[in-house]
Structures are given as structure tokens and as C-alpha cells.
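Input: a single structure, listed below in C-alpha cells.
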Amino acid sequence: MDAGPISEHGFLADGRTAALVDRSGAVNWWCPARFDGPSVFARLLDDAAGHWSIRPEDDFTTERSYLDDTLVLRTVFSTRTGTVALTDALALAAGARGHEIGLRSPRVLARVVEGLSGEVPMRVEYQPHFEYGRVRAYLTGTEQTVDAVAGATRLSLRANVPMTCEGGTALGRFTARAGTAHHFTLGYAPTYDGGEPALPDADRVLVEAAAGWRSWAGLHDYRGHYRDQVRRSAMVVQGMTYQPSGAIVAAATTSLPEKLGGDRNYDYRFVWVRDFSVTLQALWLAACPDEANRQFAWVSRAMGLIGDEPVPIMYGVEGERDLTEHRLDHLAGYADSRPVLVGNDAWRQRQTDVLGEILDAAWLMRYYLDPMSPEVRHLLHALAEQAALDWRRPDAGMWEARDAERHYLSSKVECWTALDRAVRFGTRIGDTADVARWAAARDEVREAVLTRGWNDRVGAYTGAFDSDELDASVLLMPLVGFLPAGDPRMRATVDLVERRLSRNGLLRRWDGDPAGFVICSFWLVGCLAEAGELDRARRLFEQLAAQANDLGLYAEQIDPATGEHLGNFPQAFSHIGLINAAGAITTAAERAGDRAGREAVPTGMATTEGARG
């Protein structure tokens with residue numbers, strides 16, 4: 001049995017890594033050391049790359065949900081003979097609460113089966129294959145404890161049902177009866193660090209995980225529009241945070257394809273600077289300022305001393321720069337989509353939009369950066385200097401083209417953003433002559449975008465200078481304050497992009513993009529809200545919200561014809577887009593209420609003034 005559709009998976013997290021569990025009770029992805037570490041279960045990418053399933057022997061249907069305000073997943077199986085619940089969680093450290101969750105997680109996956117009614121024969125199949133399926137450990141142990149050691153990885157599984165080892169697979173059978181419970185705890189440890197895998201009580205893991213996540217949720221009281229969706233997305237983003245450093249990975253997986261059978265299958269288990277500004281804004285809107293502070297501290301440390309060299313556009317979760325890509329040719333790939341890749345060679349690219357992302361984030365955080373440290377001042381000054389010089393250069397663009405560099409409009413707009421925010425900071429980050437030079441460069445960039453970016457034949461701002469091709473990335477222009485959303489040319493651009501690139505509410509990045517790109521679709525919501533078209537913005541938001549899977553999770557892209565999720569999963573960018581779009585609707589509703597003399601909706605932290613004011 002294969003892993004099934006991407007969207008059939010639920011997401012578990014512990015502040016270091018993530019596991020994906022499908023609707024049939026199979027764990028098909030887990031890299032227990034850290035997000036970008038080697039896998040022990042990777043059936044998402046090949047049937048033979050390892051999994052752990054607990055499921056009824058007979059035919060069944062399922063319903064599932066997260067326990068309220070947690071990433072603890074409960075799946076209820078219904079069969080002709082009874083019903084049974086499977087509850088899954090990655091362990092948090094005992095007693096970890098609030099902002100401490102994830103800092104010392106023990107690297108344990110716990111599963112508890114509870115009989116709810118009748119009698120349900122159950123089957124356990126445990127097949128760990130290490131290092132993306134390259135290494136198959138010989139399983140040993142007693143009836144209720146199974147050990148697997150090979151290479152650098154050690155796993156121990158404790159179960160209160162008999163388990164029989166057959167080579168590289170352990171099998172178990174039991175009957176779940178109403179009122180009974182069966183417990184499974186799987187612990188990981190490196191082979192040579194001298195420690196054994198932790199094996200805490202599974203029930204206790206679930207209790208602690210639920211309490212930990214709820215304590216975190218209790219600190220973040222977003223009160224704007226679409227509260228439930230924002231809170232769920234904020235929790236997903238928190239779950240994709242590597243807590244020891246505070247870095248947020250783009251996705252939990254590698255090589256899930258943008259197109260089935262295609263070759264655009266990349267490793268997203270890293271941290272993109274591009275995501276930085278919108279991530280901080282999302283955390284701000286979702287009432288998570290402490291996480292926003294940690295994010296800025298992380299990127300400052302990761303970048304170090306900036307000189308004339310291009311700014312790195314992505315990092316490992318602890319700030320690593322060399323993310324060299326290599327192929328895993330022994331894996332078939334999701335739905336035969338090859339290559340399967342580990343690492344991502346986009347780290348070598350020049351992408352000048354990142355300059356604006358960081359300075360925009362700093363502007364959002366400006367009150368928290370006061371007094372500004374010499375290190376942060378140097379960073380912001382160096383980035384402004386690069387924007388003033390490099391905005392004239394072509395680059396790989398925000399979609400990370402791997403062919404030729406071009407003069408992408410979104411890169412120019414973000415260079416304008418960098419210079420605009422640098423001018424606003426003024427002498428806090430440079431001397432008077434610096435500020436005057438940045439202001440002059442900012443005005444040059446603006447003039448170039450307004451002239452070479454606008455295409456009279458097309459009737460819109462296009463994806464690159466002197467191009468006829470539309471690109472959804474131009475929707476950033478009003479969102480960063482380059483042009484008002486109601487500007488006639490901007491309005492014409494938004495309308496044309498929606499008309500030509502959108503289907504069923506899902507916006508493709510360009511003509512020929514195989515599926516709708518979720519964050520671009522939420523950018524369109526933001527543009528409509530900024531333009532005062534609140535009803536259209538709400539309708540589109542709700543249409544997009546309905547495209548999430550049954551647990552409220554998004555991949556990177558969604559096929560507008562079938563609704564199938566594509567690309568790596570879950571995708572932080574998609575959830576960040578939802579949060580920011582909800583914030584834009586909230587702000588627009590407040591403005592409309594003020595103009596009409598009506599009471600504005602309560603919003604808590606939902607304001608974009610700090611980012612765009």
C-alpha cells in the first residue's frame with residue numbers, strides 16, 4: 001500500500017522535526033533528528049522507504065481532527081464490528097509550556113489506540129528504513145520491545161501488544177474492545193552519543209503534548225476576522241519552527257512534486273530569507289510578537305558580517321549556508337516524480353528581493369530594535385547599500401528560475417522596499433550622505449518599475465522588464481506600499497492577473513504553471529481588500545479556506561480542476577498567506593466601519609501599520 005494523496009496526511013511537530021500521518025493510520029514521514037535530517041519513515045517518496053501503520057484489519061471509514069488548540073491528532077476508525085480511536089503526537093518535554101515548548105523535545109512519537117465500541121481486530125506494521133530507505137536495520141527484541149540499530153540511527157519501540165520481528169519488519173495483531181487502550185512509544189537517539197532512546201509512557205506524552213500546545217495557544221489571542229483559520233495556521237507555522245534557533249522551515253518535506261510525474265521536486269526543509277518579512281507580519285498579526293523577535297535575532301546571527309558578496313537567500317535551521325543538492329536515485333519519488341532531492345541548490349542564486357524582505361521586517365520590528373545593536377545597524381546598512389547598487393542587475397527572481405537571470409519586477413520592487421525602509425530609518429542606520437544616496441536610488445528604482453515594468457500592449461505590470469508575460473508576483477506591489485491597490489494601472493493589473501491566471505479562486509504564478517499557488521491566491525485577497533473590495537476579498541478568502549484539507553492544512557499548490565494538493569506539505573508560505581490575508585480583510589473592515597460611522601471589529605494585534613506605515 002502506498003502513502004496516498006499528499007492532502008490525506010496530518011501534521012505532527014515537536015519543535016525539532018515533523019511527522020506526517022495519513023488517514024489510514026500510517027506514519028509515512030519522519031526525520032527524527034531535525035527537519036532536514038535523514039528519514040526513518042519516507043514512504044511518501046517510495047513504498048519501500050519505511051512506514052509505521054496501525055489500522056483495523058477489516059474495511060473502515062475514518063474521521064479525524066486535532067484536539068482543540070493542539071497538534072495532537074485523533075483518528076476514529078469505524079468498521080462493521082465497532083469503532084476505535086488512534087491518537088498520535090510527537091512528544092514535548094515534560095512540563096514545557098508556552099514559549100519553552102520544543103526546546104528540549106525528547107524525539108519520541110507516541111500512539112494510543114482506544115476501543116470505543118464493539119470489538120475491532122487491529123494490525124500493526126512497523127518497518128523503519130533509515131537514511132531515506134538506504135539502510136534497513138535488523139529488528140531485535142522481546143515481544144513488547146523492538147530495537148533497531150544501523151549506521152548513525154537507533155530506534156526503540158515499546159508496545160503493550162505482542163510484536164513479532166521478521167527481518168526488517170515487526171508485526172503485531174490485537175483486538176481493540178470498548179474501554180481498553182493499547183500504547184506505543186517510539187524513541188530515537190543517535191547511535192554513538194552514549195544515550196538510549198527515551199521511552200516515556202504514551203498516555204503521558206499525549207497529555208503533555210496537549211497541555212504544551214494549549215499553553216502556547218493561550219498566549220496568542222488573535223481577535224480579527226477568520227479567527228479559527230488564523231489560529232490553526234499560526235499553530236502550523238509554530239510547528240514548523242526549529243525551536244533551538246527559532247528558524248521556520250518552508251515545509252516539512254522534500255521532493256513532493258509541483259506536477260505529478262514532473263521534475264520540479266525540491267527540498268523545502270530549509271529557511272528562506274524571502275519568507276522572512278511576511279512571516280514576521282503573520283506572527284505579528286496572529287499576536288505572536290515573541291516569535292517575531294526570535295526570528296529577527298536568528299536571521300541576524302545567520303547572516304553574520306555582510307560585505308559586497310550577494311546576500312545568501314536561504315539557510316539550514318541552525319544557520320548553515322552550504323545546502324548543496326544531490327539526488328536520491330534509489331527512490332521512485334512521489335507518484336513517480338523524479339528526481340528526489342536532498343539539499344537545494346537555490347542557495348547559490350542571486351535573489352535581490354531578499355534585501356527588501358529583511359529591511360521591511362526590521363521596519364516592522366523597529367520599536368523592538370531600539371536601542372539598535374551595532375551588529376543590526378551594520379546588517380541593515382549593508383543591505384541598503386547592496387540594494388542601491390544591485391537593483392540594476394538581473395537575478396533568479398523569487399520563483400528561483402534555474403535558467404537565465406532576468407530583470408524580475410518583484411525583485412526591483414523589493415529593492416525599492418529595502419531603500420524605502422532604509423530612508424525611513426534614516427540616521428539610525430547611516431549618515432546623512434547615505435540616506436540621501438538611498439533616497440535617490442529609491443526614486444530611480446521607482447521610475448524604472450513604472451516605465452519598464454508597465455506594458456501598454458498587455459495593459460498591466462508584467463513579470464519582468466520589457467516582458468509580455470503576466471506573473472502573480474506583481475501583486476506584491478500594493479502589499480509593500482509601492483503603489484496603492486486603487487491606482488488605475490495597479491487595478492488593471494490585478495484584474496488582468498485574476499482573469500487570466502485564476503481558476504476556481506486559485507491563482508497560478510504564470511501562464512503554464514501547473515496548479516494554483518496558494519500564497520499568490522491569498523495575495524490577491526490582500527489586494528482586493530486594500531482596494532476596498534471587501535465583499536470580493538471575503539468571498540475569495542472563504543473559497544480558499546475551503547480548499548484546505550480536513551485538518552486545515554495546505555500544500556504549496558492546489559490543482560484548480562481536481563482540488564489535489566501538490567508540492568511540499570504542509571507549506572509555511574501558504575499558511576502565512578492565509579494569516580496576512582485575514583489581517584488585510586480585518587484592517588479593511590475597520591476602515592470601512594470607521595468611514596460609515598459603525599463600530600469596528602475588535603482585532604487585537606491585527607494591524608499592518610508597523611509594516612507599511
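Things worth noting here:
- Given (1) modelled with pLDDT of 95 or more; (2) open to solvent by 60 Å² or more (accessible area, probe 1.4 Å), number of the condition residue 138 does not satisfy: (1)
- Among the criteria (1) modelled with pLDDT of 95 or more; (2) open to solvent by less than 10 Å² (accessible area, probe 1.4 Å); (3) closer than 20 Å to residue 571 by Cβ; (4) not β-branched (Val, Ile, Thr), the one residue 3 does not fulfil is (1).
- Only listed residue being surrounded by 17 or more Cβ atoms within 10 Å (Cβ to Cβ) and either among the basic types (Lys, Arg) or touching a residue at least 40 places away in the same chain (Cβ under 8 Å) (or both), chosen from 152, 189, 178: 189
- Among the residues listed as 424, 377, 393, 437, the single one being more than 28 Å from residue 557 (Cα to Cα), at pLDDT below 95 and either assigned to a loop (DSSP other than H, G, I, E, B) or open to solvent by 50 Å² or more (accessible area, probe 1.4 Å) (or both): 377
- Some residue of segment 512-525 being within 20 Å of the chain's Cα centre (by Cα), open to solvent by less than 50 Å² (accessible area, probe 1.4 Å) and free of Cβ contacts under 8 Å to residues at least 40 places away in the same chain: no
- No other residue among 237, 273 is in contact (Cβ under 8 Å) with a residue 24 or more places away in the chain and under 30 Å from residue 389 (Cα atoms) apart from 273.
- Meets criteria (assigned to a helix (DSSP H, G or I), under 21 Å from residue 413 (Cβ atoms) and without any contact (Cβ under 8 Å) to a residue 40 or more places away in the chain) for residue 492: yes
- Scanning segment 341-355 for residues that are hydrophobic (A, V, I, L, M, F, W, C) and open to solvent by 30 Å² or more (accessible area, probe 1.4 Å) returns a single hit, 347.
- For the condition of a type outside the set (Lys, Arg) and surrounded by 20 or more Cβ atoms within 10 Å (Cβ to Cβ), residue 161 does not qualify.
A quick yes/no check of all residues on (1) closer than 28 Å to residue 342 by Cβ; (2) in a strand (DSSP E or B); (3) within 23 Å of the chain's Cα centre (by Cα):
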residue	(1), (2), (3)
95	no, no, no
103	yes, no, yes
117	no, yes, no
132	yes, no, yes
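- Test: residue in segment 441-457 that is touching a helix residue (DSSP H, G or I) at 6+ places or on another chain (Cβ under 9 Å), open to solvent by less than 10 Å² (accessible area, probe 1.4 Å) and within 22 Å of residue 561 (Cβ to Cβ): no
- Taking the numbered list (1) touching an Asp or Glu at 6+ places or on another chain (Cβ under 8 Å); (2) open to solvent by 50 Å² or more (accessible area, probe 1.4 Å); (3) within 17 Å of residue 235 (Cβ to Cβ) in turn, residue 97 passes all entries but (1).
- Criterion violated by residue 258 - all others in (1) under 29 Å from residue 582 (Cα atoms); (2) open to solvent by 10 Å² or more (accessible area, probe 1.4 Å); (3) in a loop (DSSP other than H, G, I, E, B) satisfied: (2)
- Screening 472, 448, 460, 485 for residues that are in contact with a strand residue (DSSP E or B) (Cβ under 6 Å, 6 or more places away or on another chain), of a type in the set (A, V, I, L, M) and without any contact (Cβ under 8 Å) to a residue 60 or more places away in the chain leaves exactly one candidate, 472.
- Within segment 66-82, none of the residues are closer than 21 Å to residue 196 by Cα and either surrounded by fewer than 24 Cβ atoms within 10 Å (Cβ to Cβ) or aliphatic (A, V, I, L, M) (or both).
- From the options 260, 206, residue that is of a type in the set (A, V, I, L, M, F, W, C) and touching a helix residue (DSSP H, G or I) at 6+ places or on another chain (Cβ under 9 Å): 260
- Boolean, residue 297 is of a type outside the set (D, E, K, R), at pLDDT below 90, assigned to a helix (DSSP H, G or I) and open to solvent by 10 Å² or more (accessible area, probe 1.4 Å): yes
- The single condition from (1) under 14 Å from residue 335 (Cα atoms); (2) modelled with pLDDT of 95 or more; (3) not hydroxyl-bearing (Ser, Thr, Tyr) that residue 15 fails is (1).
- The residue that is nearest to residue 590 (Cα to Cα), counting only those in segment 503-525 that are touching a Pro at 6+ places or on another chain (Cβ under 8 Å) and outside any loop (DSSP other than H, G, I, E, B), is 506.
- Count of residues meeting criterion [within 20 Å of residue 7 (Cβ to Cβ) and either surrounded by fewer than 21 Cβ atoms within 10 Å (Cβ to Cβ) or more than 24 Å from the chain's Cα centre (by Cα) (or both)] in segment 48-63: 6
- Unique residue being aliphatic (A, V, I, L, M), in contact with a Pro (Cβ under 9 Å, 6 or more places away or on another chain), part of a loop (DSSP other than H, G, I, E, B) and buried (at least 24 other Cβ atoms within 10 Å of the Cβ) when the list is 555, 485: 555
- The set of residues in segment 321-340 that are assigned to a loop (DSSP other than H, G, I, E, B), more than 19 Å from the chain's Cα centre (by Cα) and surrounded by 15 or more Cβ atoms within 10 Å (Cβ to Cβ) comprises 325, 328, 331, 332, 333, 337, 338, 339, 340.
The values are calculated or read from the model by the stated rules, or taken from the named source; none is laboratory data. No experiment lies behind these values; they were computed from the predicted model shown. A quick note on method: Cβ atoms are made from the backbone with ideal geometry, for glycine too, and the neighbour counts reach across all protein chains shown. Quick note on the areas: whole protein, heavy atoms, side chains included, nothing else; ligands and nucleic acids left out. Shrake-Rupley method; radii C 1.70, N 1.55, O 1.52, S 1.80 Å.
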